[in-house]
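Heads up: the structure comes next, in structure tokens.
The values are calculated or read from the model by the stated rules, or taken from the named source; none is laboratory data. This one's a predicted model, so the numbers in the text were calculated from it and none came from an experiment. All Cβ positions, even for glycine, are placed from backbone atoms using ideal geometry, and neighbour counts span all protein chains on display.
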Amino acid sequence: MYELDEVWSKKLEEAIARAEANGQRDVAEYLTLKAINDAARQTSVQWLFGALLEIAAAHPQIVVENENPHRFPVNNATMVGSLLRLRRGVRCLTIEAGWTRTPADGFMRGGALAAARITHFGLARENSDLVLLREADAPVWHAVAPTGTRQPFDSLHLNQ
């Protein structure tokens, strides 16, 4: 998946250069914003997966599985990204993270840049839905409660 993201980034840079060369400043600004948002999404998803893998590394009996690319539904949209599964016996922790890539995938609601889902096999009350929001020019993961309220989500939450 990372190779596809790399190719996409290069194509986006070329499109920005073409738009600027053709005097299409508004198109160039839109594509620049898209490139900034895509970089924030990719970095934040990598952080989420990396933090979880770091925690799992302390437990050598955990089996790690990864799926790329991976598609999963969130509300009426389809997220495209990655899936990470951590297994130990019958226990399984799954994390899916991604964002909409094409108009056919739908759109992100509430100003979200990306979405993630953490699922605990056998411990459904510990499941979490996450959204990536921009706060003070930095992306921050938030846990979304069933009531719709959002709270910042960090590596301490992953440890729990």
Return a yes/no flag: does segment 24-40 have any residue that is at pLDDT 90 or above and crowded, with 16+ Cβ neighbours inside 10 Å. yes
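Quick check on my filter: what residues within segment 96-133 are of a type in the set (Lys, Arg) and closer than 13 Å to Gln42 by Cα?
Narrowing segment 96-133 to residues of a type in the set (Lys, Arg): 101, 109, 117, 125.
Of everything in segment 96-133, just one residue is of a type in the set (Lys, Arg) and closer than 13 Å to Gln42 by Cα, namely Arg101.
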Any residue at all in segment 118-127 that is surrounded by 15 or more Cβ atoms within 10 Å (Cβ to Cβ) and of a type in the set (Phe, Trp, Tyr)? no
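Can we say Ala77 is without any contact (Cβ under 8 Å) to a residue 40 or more places away in the chain and within 27 Å of Ser9 (Cβ to Cβ)?
Numbers: without any contact (Cβ under 8 Å) to a residue 40 or more places away in the chain: yes; within 27 Å of Ser9 (Cβ to Cβ): yes.
Here the answer is yes, as Ala77 does meet what is asked.
Checking the conditions here, which among Val27, Val45 is assigned to a helix (DSSP H, G or I) and touching a residue at least 40 places away in the same chain (Cβ under 8 Å)?
Unique residue meeting the criteria: Val45.
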Does segment 90-107 contain at least one residue that is farther than 20 Å from Asp154 by Cβ, charged (D, E, K, R) and at pLDDT 90 or above? yes
